[in-house]
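> Have a look at the structure that comes next, please.
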Amino acid sequence: MNVKHFFSNTFCLLALSVLTSLSFSACSSDDDSWDDSGSTVTLPDSRVYILNEGTMGSNNSNIEFYAPNGDADIISNFFYTQNSAKLGDTGQDMITYNNDIYVSVNGSNYINRLNAAGVEQARHLFNSDSDSDMTGGIRYLAAKGGYIYASLYGGVIAKINAKTLEVEDKLTGIGNNLEGITICNNNLYVANSYKIENGSYIYMTDVFVIDLNTFTLTDTLTVTQNPNKLITADNKVFLISWDYSAESYVLQMIDPSNNNVTRLGYATNMAAGDGIVYLIDSRTDYSNWPETSTINAFSSYNISTGEMNSSSYLQNIPSELSSTSISMIQVNPNNGDIYIGTTFYSNSNGNIYRFTKNGAFVEKFDCGGQTPTQAVFLN
């Protein structure tokens, strides 16, 4: 079994008030008003939206609404509630930018823009003649300067108008199957993951650096093979490579001042907040899954001191969280709360475990779908 396609999910976190240095991609707004037009429900001021990847080919990805202040009920199939339509096949990424929400759906191969209430405002489906080189499938998103930047399988980086969702520019022939994407210091960092030759997977060792002023490739960094997840925090770029051949799930840091790459340790999932990168190493033996157990370890990295802390940042951890496959960790930039998502894949819905910034357990709730992969926070 190829884990790449069995467990094709990643992370990316953005919020309305978070700065570039604390988020996956740049986020800014000149207008603090929200557009809730078209909403079928009344929503509170504080909102969390959780993207569930679903099962590939099953058209069952969805978005759940959660009220962190407890002033509204959870709505499990929120996208359908607001739009009377399914989200599609394999939800990949979700970010916020200028008070809107953007979702990439890999199997259905489109990006959409939702207002703050989750009502769809625009959609771009990559199936026209002009998009003939973008049929490999959209992956991850980042935003800055009025544009959404998207990585796609097939070696394409798209520059998309954030309002209209029209592709205004694109780089083609950039690597092979592109994964994680993040913005730091006006540069776009893009992971080049793998290619298939003669039926065999060949894992790449590239992270591409794109100058957003000129939208050109300016550097190619050598990293551990199969780079996948990228985030930006405190003017540093953090990367997880899924190195199946040897060490597996290698955590690295890129210093944008000189683009030096440093190995830090091991992690399968990461999220950042207040100068700390929260790490999870969730190792599951998929050769006999789900009969085999998962072993989870929780650690953290202090960006300013450069120190790795192997002690868990969580307290009063529910026992099942130590042995359940983890597919998501996100930090609410408004208060530092930590959200951890677990998955049972196609067997049943996953769960979200919420902790305070200090690691105290708050609550557990059903995520409303299969394999939670992303969360965004509005406050």
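> Of all the residues that make up segment 146-165, how many are at positive phi and in contact with a Leu (Cβ under 7 Å, 6 or more places away or on another chain)? Lay out the reasoning, then the answer.
Quick first cut of segment 146-165, residues at positive phi only: 146, 154-155, 165.
Add one more test, that the residue is in contact with a Leu (Cβ under 7 Å, 6 or more places away or on another chain), and what stays is 155.
Summing the residues that are at positive phi and in contact with a Leu (Cβ under 7 Å, 6 or more places away or on another chain) in segment 146-165 gives 1.
> Additional query: Here are some conditions: (1) of a type in the set (Gly, Ala, Ser); (2) closer than 25 Å to Phe344 by Cβ; (3) at pLDDT below 95. Ser245 meets all but one. Which one does it not meet?
(2)
> I've got another one for you. Of Asn309, Asn334, Asn358, which residue is surrounded by 14 or more Cβ atoms within 10 Å (Cβ to Cβ) and touching a residue at least 24 places away in the same chain (Cβ under 8 Å)? Don't jump to the end; show me each part of the working.
On the way: Asn309 fails: touching a residue at least 24 places away in the same chain (Cβ under 8 Å); Asn358 fails: surrounded by 14 or more Cβ atoms within 10 Å (Cβ to Cβ).
Being surrounded by 14 or more Cβ atoms within 10 Å (Cβ to Cβ) and touching a residue at least 24 places away in the same chain (Cβ under 8 Å) holds for just one of Asn309, Asn334, Asn358, which is Asn334.
> Would you check which residues across segment 276-288 are touching a residue at least 12 places away in the same chain (Cβ under 8 Å) and either among the aliphatic types (A, V, I, L, M) or farther than 15 Å from Asn332 by Cα (or both) and list them? Give the derivation first.
Looking only at segment 276-288, we keep the residues that are touching a residue at least 12 places away in the same chain (Cβ under 8 Å), and these are 276-284, 286-287.
Within segment 276-288, Ile276, Val277, Leu279, Ile280, Asp281, Ser282, Arg283, Thr284, Tyr286, Ser287 qualify.
> Another question, if that's okay. Considering only segment 227-262, state which residues are out of contact with any helix residue (DSSP H, G or I) (no Cβ under 8 Å at 6 or more places or on another chain), not in a strand (DSSP E or B) and not aliphatic (A, V, I, L, M).
Here is the first cut: in segment 227-262, the ones out of contact with any helix residue (DSSP H, G or I) (no Cβ under 8 Å at 6 or more places or on another chain) are 227-231, 236-241, 243, 245-262.
Okay, now just the ones that are also not in a strand (DSSP E or B), so 243, 245-249, 256-259.
Matches in segment 227-262: Asp243, Ser245, Glu247, Ser248, Tyr249, Pro256, Ser257, Asn258, Asn259.
> Within segment 77-116, can you find the residues that are within 17 Å of Gly369 (Cβ to Cβ), of a type in the set (Phe, Trp, Tyr) and surrounded by fewer than 22 Cβ atoms within 10 Å (Cβ to Cβ)?
Answer for segment 77-116, where residues must be within 17 Å of Gly369 (Cβ to Cβ), of a type in the set (Phe, Trp, Tyr) and surrounded by fewer than 22 Cβ atoms within 10 Å (Cβ to Cβ): just Tyr80.
> Check Ser84, Ser104 and return the single one that is of a type outside the set (Phe, Trp, Tyr), without any contact (Cβ under 8 Å) to a residue 40 or more places away in the chain and out of contact with any helix residue (DSSP H, G or I) (no Cβ under 9 Å at 6 or more places or on another chain). Full working, then the answer.
Details: Ser104 fails: without any contact (Cβ under 8 Å) to a residue 40 or more places away in the chain.
Among Ser84, Ser104, only Ser84 is of a type outside the set (Phe, Trp, Tyr), without any contact (Cβ under 8 Å) to a residue 40 or more places away in the chain and out of contact with any helix residue (DSSP H, G or I) (no Cβ under 9 Å at 6 or more places or on another chain).
> Related question: Taking the residues in segment 337-352 that are over 15 Å from Leu279 (Cα atoms) and at pLDDT 95 or above as candidates, determine which candidate is surrounded by the fewest Cβ atoms within 10 Å (Cβ to Cβ).
Only one residue fits best here, namely Asn349.
> Which of the residues spanning segment 165-204 are of a type outside the set (S, T, N, Q) and part of a loop (DSSP other than H, G, I, E, B)?
Once the filter is applied, which keeps residues that are of a type outside the set (S, T, N, Q) and part of a loop (DSSP other than H, G, I, E, B), segment 165-204 yields Leu165, Glu166, Gly173, Ile174, Gly175, Gly199.
> Step by step: first the residues of segment 258-275, then only those that are free of Cβ contacts under 8 Å to residues at least 40 places away in the same chain and not charged (D, E, K, R), then the one that is nearest to Thr373 (Cα to Cα). Which residue is that? Give the steps one after another, and end with the answer.
Taking segment 258-275 first, the residues free of Cβ contacts under 8 Å to residues at least 40 places away in the same chain are 258, 260, 262-263, 266-267.
Within this subset, residues satisfying the condition of being not charged (D, E, K, R) are 258, 260, 262, 266-267.
Values: Asn258: 31, Asn260: 29, Thr262: 26, Tyr266: 19, Ala267: 16 Å.
Only one residue tops the list, namely Ala267.
> Would you confirm whether or not segment 66-73 contains a residue that is on the phi < 0 side of the Ramachandran plot and in contact (Cβ under 8 Å) with a residue 40 or more places away in the chain? Write out each step before concluding.
Step one: of segment 66-73, the residues on the phi < 0 side of the Ramachandran plot are 66-69, 71-73.
Cutting the leftovers down to in contact (Cβ under 8 Å) with a residue 40 or more places away in the chain gives us 66, 68.
Looking for residues that are on the phi < 0 side of the Ramachandran plot and in contact (Cβ under 8 Å) with a residue 40 or more places away in the chain, one finds at least one in segment 66-73, hence yes.
Okay, residues lined up against (1) touching a strand residue (DSSP E or B) at 6+ places or on another chain (Cβ under 6 Å); (2) within 20 Å of Gln92 (Cβ to Cβ); (3) surrounded by 18 or more Cβ atoms within 10 Å (Cβ to Cβ):
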| position | (1), (2), (3) |
| --- | --- |
| Lys144 | yes, yes, yes |
| Ile148 | yes, yes, yes |
| Leu152 | yes, yes, yes |
| Ile157 | yes, yes, yes |
| Leu165 | yes, yes, yes |
| Tyr194 | yes, yes, yes |
| Glu197 | no, no, no |
| Tyr201 | yes, yes, no |
| Phe208 | yes, yes, yes |
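> Right, something else. Mind counting the residues in segment 117-138 that are surrounded by fewer than 17 Cβ atoms within 10 Å (Cβ to Cβ), modelled with pLDDT of 95 or more and not in a strand (DSSP E or B)?
The number of residues fulfilling the criteria is 0.
> Within segment 58-106, which residues are part of a strand (DSSP E or B) and among the acidic types (Asp, Glu)? Walk me through it before giving the result.
At the first step, the residues of segment 58-106 found to be part of a strand (DSSP E or B) are 61-66, 75, 88, 91-97, 100-105.
Within segment 58-106, Glu64, Asp93, Asp100 meet the criteria.
The values are calculated or read from the model by the stated rules, or taken from the named source; none is laboratory data. What you see is a predicted model; the values in this text were computed from it and never measured. No Cβ is skipped: glycine too gets one built from the backbone with ideal geometry, and neighbour counts run over all protein chains shown.
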